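Enquirer: Please find one structure pasted underneath; my questions will follow.
The values are calculated or read from the model by the stated rules, or taken from the named source; none is laboratory data. Since this is a predicted model, take the numbers as computed values, not measurements. So basically every Cβ, Gly included, is an ideal-geometry build from the backbone, and we count neighbours across all protein chains shown.
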Amino acid sequence: MEDDISIIFSKFSEEKKTGELLPLPIDFYSRYGNNTNDESRENKNKTISALKAKRMQKILVYLAYGRPLPQQVPEEEKHIYQEIKKLISQKTKEDTKKLKILIKIPEIITPEGQKIGPYEKNQIIETSNNSNVEYILKNKIGEIIEQ
C-alpha cells in the first residue's frame, strides 16, 4: 500500500500536468493533511501546500470563466469556490447601473475603444462598465435610473 506522501505527491504531479481541476475525494485534506505522527511531515506539508496552491489557481480560473467545479472536490475547495462566487456576484450587482436611453443611437465606439449600442429611445440597459456609463451621461445619451 502506498504511503501518504506518495499519494499526495502523485496527486500533485497529476494536477501539474493539466489545466483542468482533477477530482479529489471530498475528505482528501482531512485524510492526508492531519497525520502529525508521520516522520516525513515537513515534506508532506510542503507537498500538500503546493497542491492546494495549484488547485486554488485553477479554482480562480474556473470562477473567472464561470465554470462549475468537477463533481468531486474536497469540501474546503467547494466552500472557497462558493464563497468567492457569492462575493463576485454581490460585487457585480452593486456595480451595475441601470440607464434609460434618451435617444435612438447606432453602435458607437467610445474613445476607450468600447462598443455601445445600438439602442432605441427609452430602452433600459444595465452595465457595470463605468467608462461607458460616464460616456452615456456626458453625451446626454441616457440617464441613470434609481434601482
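Enquirer: Output the residues belonging to segment 84-119 that are touching a residue at least 24 places away in the same chain (Cβ under 8 Å) and in a loop (DSSP other than H, G, I, E, B).
Expert: The answer is T96, L102, I103, T110, P111.
Enquirer: Going by the structure shown, is N122 at pLDDT 90 or above, at positive phi and either surrounded by 12 or more Cβ atoms within 10 Å (Cβ to Cβ) or out of contact with any Cys (no Cβ under 7 Å at 6 or more places or on another chain) (or both)? Working first, answer last.
Expert: Working: at pLDDT 90 or above: yes; at positive phi: yes; either surrounded by 12 or more Cβ atoms within 10 Å (Cβ to Cβ) or out of contact with any Cys (no Cβ under 7 Å at 6 or more places or on another chain) (or both): yes.
So N122 passes the test.
Enquirer: Looking only at segment 120-147, how many residues end up being assigned to a helix (DSSP H, G or I) and aliphatic (A, V, I, L, M)? Please lay out each step first, then the result.
Expert: To start, the set of residues in segment 120-147 that are assigned to a helix (DSSP H, G or I) comprises 130-138.
This time we only want the ones that are aliphatic (A, V, I, L, M), so: 133, 136-137.
Within segment 120-147, residues that are assigned to a helix (DSSP H, G or I) and aliphatic (A, V, I, L, M) number 3.
Enquirer: Which numbered condition trips up K78, out of (1) surrounded by fewer than 16 Cβ atoms within 10 Å (Cβ to Cβ); (2) assigned to a loop (DSSP other than H, G, I, E, B); (3) at negative phi?
Expert: Looking at each condition in turn, K78 falls short on (2).
Enquirer: Considering (1) without any contact (Cβ under 8 Å) to a residue 40 or more places away in the chain; (2) surrounded by fewer than 16 Cβ atoms within 10 Å (Cβ to Cβ), say which one P70 fails and leave the rest.
Expert: Of (1) without any contact (Cβ under 8 Å) to a residue 40 or more places away in the chain; (2) surrounded by fewer than 16 Cβ atoms within 10 Å (Cβ to Cβ), only one is false for P70: (1).
Enquirer: Would you check if K54 is within 17 Å of F12 (Cβ to Cβ) and at pLDDT 95 or above? If you could, list the steps in order and put the result at the bottom.
Expert: Values: within 17 Å of F12 (Cβ to Cβ): yes; at pLDDT 95 or above: yes.
Answer is yes for this residue.
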